[in-house]
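Colleague: One structure is given below, represented as structure tokens, and several questions about it will come after.
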Amino acid sequence: MQDREKLELFKAALAVAAADRTLKRSELGLIQGLAVKVGIGKASFDAMTAAALRGEPVAAGVCIASPDTARLALKLLVAEARIDGEISDAERGLLVTIADRLKIGGDEFQAIYTEGLRQADEIRRRRQP
């Protein structure tokens, strides 16, 4: 994944996590970890997070060129949305919008969505004592 695509994935992940105008601890941890991997500093992270929580479109132009990378990114976004145990209507709507921008629709979207749910649920099970 190219650096630009990593940044796009970060912005999309932040937008999905903040779609319901809150960031739960599990969502924040994921977003912070991704920010570190992408190389986003604290000041930029704080500014982008504040903008996302205000409802500003931080991922309006999400663009990932490779179809395989786009599918992987969407699966990660679904898993990230579900990591707190639920996907809000706002999160689901944003996932659909992002999928449309990535040219992923219909049955392919549903298959990726189901796999993302499975992945998040598996992570949650492993974290439980």
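The values are calculated or read from the model by the stated rules, or taken from the named source; none is laboratory data. These numbers were taken from a predicted model, which means no experiment stands behind them. Virtual Cβ from ideal backbone geometry, glycine too; neighbours counted across all protein chains shown.
Colleague: Can you go through Asp121, Asp89, Asp100, Asp107 and tell me which one is loosely packed, with under 12 Cβ neighbours inside 10 Å, farther than 18 Å from Arg21 by Cβ and within 16 Å of the chain's Cα centre (by Cα)?
Modeller: None of the others qualify; the one that does is Asp100.
Colleague: Please determine whether any residue of the range 19-28 is at pLDDT 90 or above and touching a helix residue (DSSP H, G or I) at 6+ places or on another chain (Cβ under 8 Å).
Modeller: If we filter the range 19-28 for residues that are at pLDDT 90 or above, which is where we start, we get none.
Checked against the condition, which is being at pLDDT 90 or above and touching a helix residue (DSSP H, G or I) at 6+ places or on another chain (Cβ under 8 Å), the range 19-28 yields no hits at all.
Colleague: I'm trying to understand the selection: among the residues of the range 63-76, which are under 26 Å from Glu122 (Cβ atoms) and not in a helix (DSSP H, G or I)?
Modeller: Residues of the range 63-76 that are under 26 Å from Glu122 (Cβ atoms), as a first pass: 64, 66-76.
Scanning the range 63-76 gives Ile64, Ser66.
Colleague: Name the one entry in Ala52, Ala60, Ala47, Ala43 that is in a helix (DSSP H, G or I), among the small types (Gly, Ala, Ser) and within 14 Å of the chain's Cα centre (by Cα). Working first, answer last.
Modeller: Values: Ala60 fails: in a helix (DSSP H, G or I); Ala47 fails: within 14 Å of the chain's Cα centre (by Cα); Ala43 fails: within 14 Å of the chain's Cα centre (by Cα).
Just one listed residue meets the conditions, Ala52.
Colleague: Working carefully through the options Ala35, Ala70, find the one that is in contact with a Lys or Arg (Cβ under 8 Å, 6 or more places away or on another chain) and surrounded by 13 or more Cβ atoms within 10 Å (Cβ to Cβ).
Modeller: Only one candidate passes the filter, namely Ala70.
Colleague: What number of residues within the range 77-112 satisfy the criterion of being out of contact with any Leu (no Cβ under 7 Å at 6 or more places or on another chain), in contact (Cβ under 8 Å) with a residue 24 or more places away in the chain and either at positive phi or in a helix (DSSP H, G or I) (or both)?
Modeller: 10
Colleague: What single numbered condition from (1) over 15 Å from Ala79 (Cα atoms); (2) free of Cβ contacts under 8 Å to residues at least 12 places away in the same chain; (3) among the aliphatic types (A, V, I, L, M) fails to hold for Leu53?
Modeller: With (1) over 15 Å from Ala79 (Cα atoms); (2) free of Cβ contacts under 8 Å to residues at least 12 places away in the same chain; (3) among the aliphatic types (A, V, I, L, M) applied to Leu53, the lone miss is (2).
Colleague: Please work out which one of (1) within 22 Å of Glu5 (Cα to Cα); (2) of a type in the set (Gly, Ala, Ser); (3) out of contact with any Gly (no Cβ under 8 Å at 6 or more places or on another chain) is the condition Ala79 fails and give its number.
Modeller: Status for Ala79: all satisfied but (3).
Colleague: Of everything in the range 1-30, what is part of a helix (DSSP H, G or I), touching a residue at least 24 places away in the same chain (Cβ under 8 Å) and among the aliphatic types (A, V, I, L, M)? Give them in sequence order.
Modeller: Leu7, Leu9, Ala12, Ala13, Leu14, Ala15, Val16, Ala17, Leu30, listed by residue number.
Colleague: Can you pull out every residue in the range 113-129 that is closer than 18 Å to Ser26 by Cα, touching a residue at least 24 places away in the same chain (Cβ under 8 Å) and not basic (Lys, Arg)? Break it down into steps so the answer makes sense when it comes.
Modeller: Within the range 113-129, the subset closer than 18 Å to Ser26 by Cα is 116-129.
Okay, now just the ones that are also touching a residue at least 24 places away in the same chain (Cβ under 8 Å), so 116-117, 119-121, 123-124.
Listed by number, the residues that qualify are Gly116, Leu117, Gln119, Ala120, Asp121, Ile123.
Colleague: Which one of the conditions (1) in contact with an Asp or Glu (Cβ under 6 Å, 6 or more places away or on another chain); (2) more than 13 Å from Glu5 (Cα to Cα) does Arg54 fail to meet, given that it meets all the rest?
Modeller: So the condition that Arg54 fails would be (1).
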